[in-house]
Amino acid sequence: MARLAQTAGLTDVQQEILATVRDFVDKEIIPHAQALEHADEYPQDIVDGMREMGLFGLTIPEEYGGLGESLLTYALVVEQIARGWMSVSGVINTHFIVAHMVRQHGTDEQKQSLLPRMATGEVRGSFSMSEPDLGSDVAAIKTRARRDGEDYVVNGAKMWLTNGGSSNLIALLVRTDEDAEKPHENLTAFLVEKPSGFGEVAPGLTIPGKIDKMGYKGVDTTEAVFSDYRVPGSAVLGGASGRGFAQMMDGVEVGRVNVAARACGIAIRAFELAVDYAQQRSTFGKPIAQHQAIAFKLAEMATKVEAAHLMMVNAARLKDSGARNDVEAGMAKLLASEYCAEVTQESFRIHGGYGYSKEYEIERLMREAPFLLIGEGTSEIQKTIISRGLLREYRTR
Ligand SMILES: Cc1cc2nc3c(=O)[nH]c(=O)nc-3n(C[C@H](O)[C@H](O)[C@H](O)COP(=O)(O)OP(=O)(O)OC[C@H]3O[C@@H](n4cnc5c(N)ncnc54)[C@H](O)[C@@H]3O)c2cc1C
């Protein structure tokens, strides 16, 4: 869509990357997304194509073999990919978060060992905080790692690992009991290398199988069960225990910009489908786009697409500048995901009865949009983060 979601001030390189990705989305993703999603089939050819384009290394510094691009470039790429099919953006998202964490917090050995392999897509990351009993309340994590000589021994169950089966590296947050007073200071992040696949993939580590989801199909979302699983002390992210909460939250912060970008992508697609359908479908002697009620819907949808895009770009640019962006990333994620759900719903209504048919793309978008209200922190959690940040800033004396 030429008019909407444009970004001012992009470099030639950014424009070139985006043009290549947009072309890939139009030719290789959109024509296949519906069939692959209905079959819940892993999009291997699409993933291979993304590897060839270097997208797994998009933000990894050039010295480690990546393209060294910014969070903004990444977010705009994700927006395009999600416009084609959200599940494909899910394949690279956890990888991107883990690469960010290794780069920001890893020891030199961890960077040297992992980043070059992550840049090529040989090593693929997943991100594991949530458990069966908790998601929002991260500091309440129960999975434990107990020190045993040079190793740690992990016991417990993790839930909702996006790419849990297809990845071979998990950024894993567990309790290590550092005798700290604050609960979140007793948590440690590990970089767990494991074989990809399902079942008992390593002694003491089982990835039971794919969770059957309402949407976001194709990409695997799994549990992970640890039973006396041994992990070397050298796998502690950054080499020191007790810092895991802050490290994972840094990952989540860039992840939130990415979820906002996904929401923008889905909303753009929902608008494209609606504006197209509204000009083809006639009732009472004229295209439905000429009924003011439908035209106004299109106007409101486009305004929401534009607002969400601008907030997402603002949050990405802020992070790229080195500034803290917790409030702005929370605002962008909140607004973009809520607007995405609304725009998708309106596009569905414009499609009339056909929107309910599995032959029409909007049916899939309707099942994808709700996930964005939940993933990387629910809307309620975003409001908590935003209000805390604001009260810090506007404290009365
Ligand atoms: C498809 C999918 C993929 C996922 N991928 C990953 C992944 O890769 N890695 C990972 O670690 N997790 C992942 N998650 C988990 C996701 O991050 C959590 O589901 C999410 O954080 C919410 O946690 P919860 O489901 O435990 O809900 P809960 O925390 O139990 O919340 C339930 C409800 O209560 C509300 N609530 C909770 N606390 C408060 C509060 N203090 N104030 C007001 N309202 C509150 C919530 O907003 C929500 O409406 C994934 C989830 C899904 C569905």
Name the one entry in ALA270, ALA293, ALA289 that is open to solvent by 50 Å² or more (accessible area, probe 1.4 Å) and in a helix (DSSP H, G or I).
-> ALA293
When the stretch 25-56 is checked residue by residue, the ones that are closer than 17 Å to LEU67 by Cβ and either of a type in the set (Lys, Arg) or open to solvent by 30 Å² or more (accessible area, probe 1.4 Å) (or both) are ARG51, GLU52, MET53
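For every residue, the table says whether it meets (1) part of a helix (DSSP H, G or I); (2) under 21 Å from MET248 (Cα atoms).
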position	(1), (2)
ALA299	yes, no
HIS309	yes, no
ALA323	no, yes
GLU359	no, no
GLY375	no, yes
ARG388	yes, yes
Consider only pairs whose beta carbons are under 7 Å apart and that are at least six residues apart or on different chains; among these, list those whose first residue lies in the stretch 18-47 and is in a helix (DSSP H, G or I) and whose second residue is acidic (Asp, Glu).
-> GLN34/GLU361; ILE46/GLU28
Residues in the stretch 180-207 that are over 17 Å from LEU114 (Cβ atoms), touching a helix residue (DSSP H, G or I) at 6+ places or on another chain (Cβ under 9 Å) and not basic (Lys, Arg): how many?
-> 7
Can you tell me which residue within the stretch 321-351, out of those that are among the hydroxyl-bearing types (Ser, Thr, Tyr) and over 20 Å from the mean Cα position of the chain (by Cα), is most open to solvent (accessible area, probe 1.4 Å)?
-> SER321
Taking first residues from the stretch 232-246 that are touching a residue at least 40 places away in the same chain (Cβ under 8 Å) and second residues anywhere that are in a loop (DSSP other than H, G, I, E, B), the pairs with Cβ under 6 Å that are 6 or more apart or on different chains are GLY233/GLU150; GLY239/THR107; SER241/THR176; GLY242/GLU178
Among the candidates ALA202, ALA189, which residue alone is hydrophobic (A, V, I, L, M, F, W, C), over 27 Å from MET86 (Cα atoms) and more than 12 Å from the ligand (Cβ to nearest atom)?
-> ALA202
Name, by its number, the condition in (1) open to solvent by 40 Å² or more (accessible area, probe 1.4 Å); (2) within 17 Å of the chain's Cα centre (by Cα) that does not hold for LEU318.
-> (2)
Would you point out the residue of the stretch 112-167, among those that are part of a strand (DSSP E or B), open to solvent by 30 Å² or more (accessible area, probe 1.4 Å) and closer than 16 Å to THR94 by Cβ, that is nearest to the ligand (Cβ to nearest atom)?
-> TRP160
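The values are calculated or read from the model by the stated rules, or taken from the named source; none is laboratory data. This structure is a prediction, so every number in the text was calculated from the model and none was measured. All Cβ positions, even for glycine, are placed from backbone atoms using ideal geometry, and neighbour counts span all protein chains on display. Remember, those area values only see protein heavy atoms, side chains included, never the ligands or the DNA or RNA. Shrake-Rupley method; radii C 1.70, N 1.55, O 1.52, S 1.80 Å.
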